[in-house]
Structure formats: C-alpha cells, structure tokens
Amino acid sequence: MEFTEAYKQTGPCCFSPNSRYIAVAVDYRLVIRDTLSFKVVQLFSCLDKIGYIEWANDSEYILCGLNKRPMIQAWSLTQPEWTCKIDEGPAGIAYSRWSPDSRHILTTSDFQLRLTVWSLLNTACVHVQGPKHCSKGVSFTKDGKYAAICTRRDCKDYVKDPINSLSINSFFLQVSHWNSRKQADL
C-alpha cells in the first residue's frame, strides 16, 4: 500500500462533484489539489479563517464560508482572476449554497430574516423575506429551473414558487408531482 506525504489541513476539506479535485482549508488559504497527482492546481487566499467549503455542481466554482465574518468568498477554477465576495453586513450569513445551475449562490441571513439569491451572471440579487429554514427550506425541480421556498409570514407557513405563494396545506394538495421533499422536511 502506498500513501502520499501528509499535507497540512486546519479546516474542512471537500471533493469536487466530478472527483477531479480536492479542496483543503489551511487557515486563511484554500488549496485545490488534483486528486490523481495531488499537485496544487489553485491556491486562493480568504479574508478570514475558512469555516466551510462547497463546490458548485459543475466543479468549476467553489465557495468558502468565513467563520468570523458575515461573508462568503467564491472563485472559479477555470478563470483564477475571477473572484466573488458576498457580504451580508449586520444581517449575517447563517447558511449558503449553490443553485443547481452553478451560476447562483443562495444565502440565508442570521435569524432567517431573508434568503438572497445572488447571480454570478449579471450581479443581480433577489430577496425573499422570512425563509422557514436555513438549509432545507429550498427545493429545486429536477432540471434546476424552478425552486420552491418555504417561508413564514403572520405565523403561517407558505411555499413560494415563481408564480404563487401557497399555504403549506394547499401546496401539497395542488403540487403532488413535484416530489422533491416530504412535507415533514418542510
């Protein structure tokens, strides 16, 4: 059995969806290595210690959540000069994730005040007030074109889709074919 030499790691590590790369946090640095040769492919510097790492579905982009700052940073492996910094300021960032198309980042503020969809294509952003859950309150269709977002307004739960805002009970009666999450997950 052969082993590679030990590499320094002080934070999370994560394989890319295509298994071609491994991202490793080393304090303020994000090291991207090729999984076959373990050679460094990219080295990115963050503004603070890395708390979590998430790859985009196409393995072209990667984001890092920073522990002590209400921000995330993202980079492109194919365009190393491209960078993205999302700072929610006093609202903070409780959770962030990629959309299925790998060209949008979803962030949920602390205390679930709002969910923001940030476009990497045209720098636009859309806010959804009162998301129900940080991590499991958003579900996409299989093709990734549409999302259903659980929200809470006036002590009632709703599911927002691109067209309507339906109460939880009417949503599950009308949209049984969506089949992305069980009602218990919402």
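Values in this text are rule-based calculations from the coordinates and carry no lab data. Everything quoted here is computed from the prediction, not taken from an experiment. Heads up, the Cβs are rebuilt from the backbone with ideal geometry, glycines too, and the neighbour counts pull from every protein chain shown.
Between G11 and residues 5 or more places away or on another chain, which pairs have amide H atoms under 5 Å apart, with H built 1.01 Å from N, and which residues are they?
Correct list: A25, D27.
Compute the distance in nm between two label points, each set 7 Å from the Cα along the Cα-to-Cβ direction, one at N57 and one at A124.
A separation of 2.0 nm, rounded to one decimal place.
To two decimal places, what compactness ratio does the chain give when its Cα radius of gyration is scaled by 2.2 N^0.38 Å? Intermediate results must be reported in sequence, preceding the final value.
Values: Rg = 18.2 Å, N = 186, 2.2 N^0.38 = 16.0 Å.
Dividing the Cα radius of gyration by 2.2 N^0.38 Å gives 1.14.
For the chain, which longest stretch is free of loop sites, where a loop site is one of the chymotrypsin sites (Phe, Trp or Tyr not before Pro) that DSSP puts outside H, G, I, E and B and that has at most 14 other Cβ atoms within 10 Å? Mind dumping the intermediate values first?
On the way: sites that count: F3, Y7, F38, W82, Y146.
Result for the longest clean stretch: 83-145.
To the nearest 0.05, how large is the calculated FRET efficiency for S76 and R153 if R₀ is 45 Å and r is the Cβ-Cβ distance?
Working: r = 37 Å, r/R0 = 0.82.
For R0 = 45 Å, the calculated efficiency reads 0.75.
So if each residue of separation counts as 0.36 nm, and I subtract the Cα-Cα distance between L43 and E5, what length gain in nm does that give? If you can, show how the numbers build up before the last one.
Working: separation 38, 0.36 × 38 = 13.68 nm, distance 1.86 nm.
Working it through step by step, the gained length comes to 11.8 nm.
Give me the extension gain from F15 to N67: residue separation times 0.36 nm, minus the current Cα-Cα distance, reported in nm with one decimal. Let's see the in-between values first.
Numbers: separation 52, 0.36 × 52 = 18.72 nm, distance 2.05 nm.
Net length gain for the segment: 16.7 nm.
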